[in-house]
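Below is one structure; the comments refer to it alone.
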Amino acid sequence: MSITTQFMVSPVEADSEAKLPYWKEFDWSYADAISDVIYFPVVAGDFILDVAVSVTTAITGGTPDIEGVGDAAGATTWIADANITGAVAGIVNSRPAETNKATGGKYYSTNSYIKMTISGSAATGAGKFWMLMSGLEA
Amino acid sequence: MAITTQWMVSPDERDSVAHLPYWKEYSWTHDDFVTETAAAVVHFPMPADCWVLAGAVQITETVDGTAQDFDGLGDDSDPDGWVADGSIVGATAGGIVPGALAAAYMVTGGKHYTAVDVITLTFEVAADVTTGEGKVWLLIGGLTAEV
């Protein structure tokens, strides 16, 4: 009976393809910031599931902080200011309640960016930035 | 010190096995619709012992008709358990629409299909459909309960 059920559906199992999600990794430095914002490129058609940040060299100068990760829709749509600092130990990623994570990820229909805002007057600061790419092509 | 700590635990690192989650991608067209009462449904196969973590839908060609409307991605138990009715307004071509974390099966962290089942893509239809196509993705956990 189970096999019969399989054959009744359309499409069938053999019509499917496997697609792998993967992390896209960037290095970032305080020196990359334009008016205290570091921009990471997003390509039209990207469906991004998550973002993550590490700090390998703590931000110094001014009042050191990472003030959020977001995109063109807002400065903290991926990671709120309260959930990340300029001296992160380990890796911080987006939380389920945060805007773009709550919707199951975000599809970008045009070339765009994800941005990370750091505090003003930064004199040091570096780390890694990751986007969890769905691996799906729209 | 870190290495010493590793060796002291049981099981240790070498006892682990890697399993990869992956998206299972299906294309669908209006030719796959099974007409039901006021609804057109596409059935996708779900094998037994399959753990699904998420779902997503894309309409690449608009489902024609004035009253056509996306009614959800789910299964026979919950037709919009993976991508909720209302996630797509109408049935117009557009980008990838993921299931929100508030969707019924996302709230539970996914669903383990223990027996053969079907995934359903449902549209409300008011007339015969002559256009419409797209894709459906299921994020397969890669783990099985098989012993």
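No lab work stands behind these numbers, since they all come straight from the coordinates. Source: prediction; values computed, not measured. As a convention, Cβ positions derive from the backbone with ideal geometry for all residues, glycine included, and neighbour counts pool all protein chains shown.
The H on the amide N of A:Ser10, modeled in the peptide plane, is under 5 Å from the matching H of B:His43, each at least 5 residues off or on a different chain.
Using R0 = 45 Å, the C-beta based FRET efficiency linking A:Ala44 and B:Glu146 works out to 0.65. Semi-axes of the equivalent ellipsoid for chain A, computed as √(5λ) from the eigenvalues of its C-alpha gyration tensor and ordered from largest down, come to 37, 14, 13 Å. The mean sequence distance of close C-alpha pairs (under 8 Å, at least 6 residues apart), as a share of the length of segment B:19-140, puts its relative contact order at 44 percent.
Please give the average number of partner chain Cβ atoms lying within 10 Å of the Cβ of each residue in B:15-25, rounded to a whole number.
For this peptide, the per-residue mean of nearby foreign Cβ atoms is 3.
Taking the average, over residues, of other Cβ atoms within 10 Å as the packing measure, peptides B:48-57, A:39-48, A:56-65 rank B:48-57, A:39-48, A:56-65 from highest down. With a Cα cut-off of under 26 Å and a minimum spacing of 8 residues unless on different chains, the lysine pairs in the protein assembly as shown number 26. For segment A:55-101, the normalised intensity computed at q = 0.13, 0.20 Å⁻¹ comes to -0.29, -0.65 (log10 of I(q)/I(0), Debye sum over alpha carbons, equal scatterers, no solvent). The convex hull built on the alpha-carbon positions of chain B has an orientation-averaged projected area of 11.0 nm².
Ratio of Rg to Rh for the protein assembly as shown: 1.05 [Cα atoms; Kirkwood radius as inverse mean 1/r over pairs]. Among the residues of B:37-44, the average count of other protein chain beta-carbon atoms within 10 Å of the residue beta-carbon is 2.
Here the calculated FRET efficiency for A:Ser29 and A:Asp81, from their Cβ-Cβ distance with R0 = 25 Å, stands at 0.75, rounded to the nearest 0.05.
Look at the stretch A:10-22: the mean tally of other chain Cβ atoms within 10 Å of its residues' Cβ atoms is 6.
Note on A:Ala18 and B:Thr108: with the Förster distance fixed at 22 Å, the Cβ-Cβ geometry gives a FRET efficiency of about 0.35. Length gained on full extension, B:Ala38 to B:Thr130, computed as 0.36 nm times the residue gap minus the Cα-Cα distance: 31.6 nm. In order along segment A:75-82, phi translates into HN-Hα couplings of 6, 10, 6, 9, 9, 6, 3, 5 Hz, rounded to whole numbers, per the Karplus curve 6.51 cos²θ - 1.76 cosθ + 1.60 with θ = phi - 60° and x for Gly and Pro. Per-residue ellipticity at 222 nm computed for chain A from its helices equals -1500 deg cm²/dmol, with DSSP H segments shorter than 4 residues left out and the rest contributing -39,500 (n - 2.57).
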